[in-house]
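Read the structure below first, then the notes.
Read-outs: derived from the displayed coordinates by stated rules, not from any lab. Computed from a predicted structure; not experimentally measured. Every residue, glycine as well, gets a Cβ built from its backbone with ideal geometry; the counts of neighbours run over all protein chains shown.
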Amino acid sequence: MNNDNFTFGAFEKNQLIGAVTLIVEQKNKMKHRGNIVAMYVKPKYRGRGTAKKLMKEAINYAKGLKQLKQIYLGVVSGNEGAIKLYQSLGFQTYGIDKKALKVNGIYYDEELMVLFI
């Protein structure tokens, strides 16, 4: 059993339609931090609140882990829908990672966000 990696899924008719993963830092001086490293909802199921429910589940679970005090995530700067979702849950932007991602030769900035719990 892995005590630092938690994945939550959303299902419809026994089919996985979305997932989010929370990873707890393992270095001694960083054990108070968690990271959302994966958040995905199948396109057909977007706009139904599934992502918000998944994120709330991960956040509530994180709150139950007494050592965690903050949750971090990164989101592509142009993804306004995701940014609004994270802001609605209390995440705040603390920086921009320029050219953080490269897809098919195109660079994308990543907005760095944190939620203090």
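Residue 102: among the basic types (Lys, Arg) and not in a strand (DSSP E or B), yes or no?
Here the answer is no, as residue 102 does not meet what is asked.
Consider the range 63-95. How many of its residues are assigned to a strand (DSSP E or B) and either surrounded by 13 or more Cβ atoms within 10 Å (Cβ to Cβ) or within 14 Å of the chain's Cα centre (by Cα) (or both)?
Looking only at that region, the number is 9.
Those residues that are surrounded by fewer than 17 Cβ atoms within 10 Å (Cβ to Cβ), touching a residue at least 12 places away in the same chain (Cβ under 8 Å) and over 10 Å from the mean Cα position of the chain (by Cα), I need them from the range 26-39; list them, please.
Correct list: 26, 31, 32.
Tally time: how many residues in the range 78-117 are free of Cβ contacts under 8 Å to residues at least 24 places away in the same chain and of a type in the set (A, V, I, L, M)?
3
Looking at the range 100-117, which of its residues are surrounded by 11 or more Cβ atoms within 10 Å (Cβ to Cβ) and not small (Gly, Ala, Ser)?
101, 108, 109, 110, 111, 112, 113, 114, 115, 117
A quick yes/no check of all residues on (1) surrounded by 13 or more Cβ atoms within 10 Å (Cβ to Cβ); (2) not in a strand (DSSP E or B):
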residue: 18; (1), (2): yes, no
residue: 23; (1), (2): yes, no
residue: 52; (1), (2): yes, yes
residue: 56; (1), (2): yes, yes
residue: 60; (1), (2): no, yes
